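*Asks:* Pasting a structure below so you can have a look.
Where a number appears in this text, it was derived from the coordinates with a stated rule and is not lab data. Please read these numbers as outputs of a predicted model, since none were measured by experiment. Positions of Cβ are backbone-derived with ideal geometry, glycine not excepted, and every protein chain shown enters the neighbour counts.
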Amino acid sequence: MAGSGKTEMSRSARLHGAADEALAALDETVEPLEGGLRDLDCQRLRSAMGAEAFEAEYAAGRALTSEEILVLALGNRV
């Protein structure tokens, strides 16, 4: 697995965690289609990264502050 590909998967897992935490804080849910696509993406990431690595990145994403989420989401564009 290429370094940048692994980094991108880690970033995606963290963003999934951050998004789920934000939705929970707002007491919101996603529409069924979007939820299904999100679940498929999480399954794909979990498979590619390994369950332990995915869960660690996902949990790290749930712990990010809003400023950290912006930096992660925007990457080098900030």
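*Asks:* Quick one: putting +1 on the C-beta of Lys and Arg, -1 on the C-beta of Asp and Glu, what dipole do you get for the chain around its Cα centre, in Debye to the nearest 20? Spell out each step's value before the answer.
*Replies:* Details: 8 positive and 14 negative charges, 86 e Å.
Computed charge dipole of the chain: roughly 420 debye.
*Asks:* Can you give the local net charge around E31? Use residues other than it whose beta-carbon is closer than 13 angstrom to its beta-carbon, Lys and Arg +1, Asp and Glu -1. Please list the in-between numbers first.
*Replies:* Working: positive: R38; negative: E28, E34, D39.
Summing Lys and Arg as +1 and Asp and Glu as -1 gives -2.
*Asks:* If you take the Cα Rg of the chain and divide it by 2.2 N^0.38 Å, with N the number of residues, what do you get?
*Replies:* Working: Rg = 12.5 Å, N = 78, 2.2 N^0.38 = 11.5 Å.
Rounded to two decimals, the normalised Rg is 1.09.
*Asks:* Given the -39500 (n - 2.57) contribution per DSSP H run of 4+ residues, what per-residue ellipticity at 222 nm results for the chain, rounded to the nearest 500 deg cm²/dmol?
*Replies:* Details: 4 runs with 62 residues, N = 78.
Rounded to the nearest 500, it is -26000 deg cm²/dmol.
*Asks:* For region 35-78, just list the percent of Cα-Cα distances falling in each 5 Å bin from zero outward, please.
*Replies:* 5, 21, 19, 21, 23, 9, 1
*Asks:* Return the FRET efficiency for the residue pair E31, S66: r is the Cβ-Cβ distance, R0 is 25 Å, and the value is rounded to the nearest 0.05. Before the final figure, lay out the partial values.
*Replies:* Values: r = 23 Å, r/R0 = 0.93.
Rounded to the nearest 0.05, the efficiency is 0.60.
*Asks:* Next question, about the same structure. Packing-wise, with mean Cβ within 10 Å as the measure, how do 18-31, 47-60 rank, highest first?
*Replies:* Working: 18-31: 12.4, 47-60: 15.4.
My ranking of the peptides, most packed first, is 47-60, 18-31.
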